[in-house]
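Single-structure report; data block below.
The values are calculated or read from the model by the stated rules, or taken from the named source; none is laboratory data. All of these numbers come straight from a predicted model, not from anything done at the bench. Neighbour counts are summed over all protein chains in view; Cβ atoms, including those assigned to glycine, are modelled from backbone coordinates with ideal geometry.
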């Protein structure tokens, strides 16, 4: 049985589907109708091309990754049927739960289109497996990555998506302290526990230019070091660094274009940011010979400094106001999902790095 990153990626995408299907997760209530009434309801009179395409394509990656998992783990028997059934059940559960959300409308058309999307993904994965493309990918992965690379590959695959929700500082992910304090204060309001919250003597201050420079530098260096944990060849590490820098710039540019308009896509790429990116690339090149455990240790230290600096600064009220058009769905329907990725990615990376160091310690 082969180890594959398709399974954690499939779980991640299923989580995305659940989020998109049940957003905004509020005002749950029994609306006095059977949760399965939509199955026998007449088909809606008005469809749009976007609805058809989005509901079909939305399940294609899930079907593809589930089928790929089956093929890679030696469970390829009747994979298309089983994958299609799994996607249909997932869609049925999501549409049924939407019956309890007043802001969502369950639809038998969505169920059919989702199932078709899952089937299409499974067919694509099976076709690629039959013609040997998946085997060639496995050979490529075996040459480039270590055998236990699944977790690191998932984190690196999610990193550009985490950058899509624009941070206050370029590549500045994980700025959550102020939001956590405000959320906790709201939860504990009118309770005796509110007095237990620590109160800062000084208000948070905006980052000085030097601190912003360090945050951008570390924001680029950390994914490079995560890559070093699963890539051992020096030459391939250098290729990966070039790819990571390009992906980071592209994702941040796309984020700016979606938020402020295409004409402002590269407005964030100022001289200080370019200098920080160049410094990150140079540091990554200097560390190219570091063993995986040392790379994880340096990345862990960099994460500590990175998160400490970012979380000492407040959220810019003007910046937060400019994001409202983005949050309201300017970029597909996943609303705050990219923002959650941006908040949580550094902490998931922190847990991953700790696990790498822990496993390495146990082996020694």
Assess whether residue 32 counts as being modelled with pLDDT under 90 and either over 25 Å from residue 340 (Cα atoms) or surrounded by 13 or more Cβ atoms within 10 Å (Cβ to Cβ) (or both).
yes
Scan the range 154-176 and tell me whether some residue there is over 18 Å from the mean Cα position of the chain (by Cα), surrounded by fewer than 17 Cβ atoms within 10 Å (Cβ to Cβ) and part of a helix (DSSP H, G or I).
no
Mind counting the residues in the range 39-91 that are modelled with pLDDT under 80, more than 26 Å from residue 141 (Cβ to Cβ) and not in a helix (DSSP H, G or I)?
8
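Yes or no, residue by residue, for (1) closer than 30 Å to residue 140 by Cβ; (2) modelled with pLDDT of 95 or more; (3) not assigned by TED's automatic domain parsing to the domain that holds residue 280:
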| site | (1), (2), (3) |
| --- | --- |
| 196 | no, no, no |
| 200 | no, no, no |
| 210 | no, no, no |
| 219 | yes, yes, no |
| 230 | yes, no, no |
| 246 | yes, yes, no |
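Quick grid of which residues meet (1) closer than 23 Å to residue 86 by Cα; (2) loosely packed, with under 12 Cβ neighbours inside 10 Å:
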| residue | (1), (2) |
| --- | --- |
| 119 | yes, no |
| 124 | yes, no |
| 130 | yes, yes |
| 137 | no, no |
| 149 | no, no |
| 152 | no, no |
Answer with yes or no whether residue 103 is at pLDDT below 80 and either crowded, with 20+ Cβ neighbours inside 10 Å or not assigned by TED's automatic domain parsing to the domain that holds residue 267 (or both).
yes
